[in-house]
Amino acid sequence: MSGMITRARAFSAKALQVVNNVAKQQYTVGIKGVDAVLAYDKSGNNITFIHTEVPKEFQGKGVGKLLAQYAFDEAIQNKLNVTCKCHFLAKFYENNRMKYKTLNVKMELD
């Protein structure tokens, strides 16, 4: 079957890598030339998760969940107090409360 064009693999969030852009205070995932972003504000031992934005064509494919998991895992590793202002991240936290039970999380949702 050499010479045949194979189908492109299905999109998988598992293959993506999260980058912590400390200067911009964003966790990002680059996907086909666009970025999914989780904006945060870190000060001392406190981090505020402000907003998550995933390009429309990649919504519902696990990209936001990947960013959320990375952010909460980083908070645990660095023993940070979390303030959550993002509804998506608040829902992620509620759905994974047992995994992140050691975190001090405060909700400030509008």
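Phi angles of region 91-100 translate, via the Karplus equation with coefficients 6.51, -1.76, 1.60 and θ = phi - 60°, into HN-Hα couplings of 5, 4, 4, 4, 6, 10, 4, 5, 5, 10 Hz per residue; Gly and Pro are given as x.
Computed from point charges on the beta carbon alone (+1 for Lys and Arg, -1 for Asp and Glu), the dipole magnitude for the chain about its Cα centre is near 380 Debye. Bridges between two residues of the chain, per DSSP, are antiparallel at a rate of about 65%. With 29 Å as the limit, the listed pairs Lys56/Lys91; Lys61/Lys85; Lys56/Lys79; Lys61/Lys106; Lys24/Lys56 have Lys56/Lys79 beyond it between alpha carbons. Once backbone amide H atoms are built at 1.01 Å from N, Lys42 has Thr48 as its partners under 5 Å, excluding neighbours fewer than 5 places away on the same chain. Within the accessible surface of the chain, defined with a 1.4 Å probe on protein heavy atoms only, the carbon and sulfur portion equals 49 percent. Distance between the pseudo-spin-label points of Ile50 and Asn78 (7 Å out from Cα toward the beta carbon): 1.5 nm.
The values are calculated or read from the model by the stated rules, or taken from the named source; none is laboratory data. Worth saying up front: this structure is predicted, and the values here are computed from it rather than measured. Here Cβ is always computed from backbone atoms with ideal geometry, including for glycine, and neighbour counts include all displayed protein chains. What goes into the accessible areas is simple: the full protein's heavy atoms, side chains included, and nothing from ligands, DNA or RNA. Shrake-Rupley method; radii C 1.70, N 1.55, O 1.52, S 1.80 Å.
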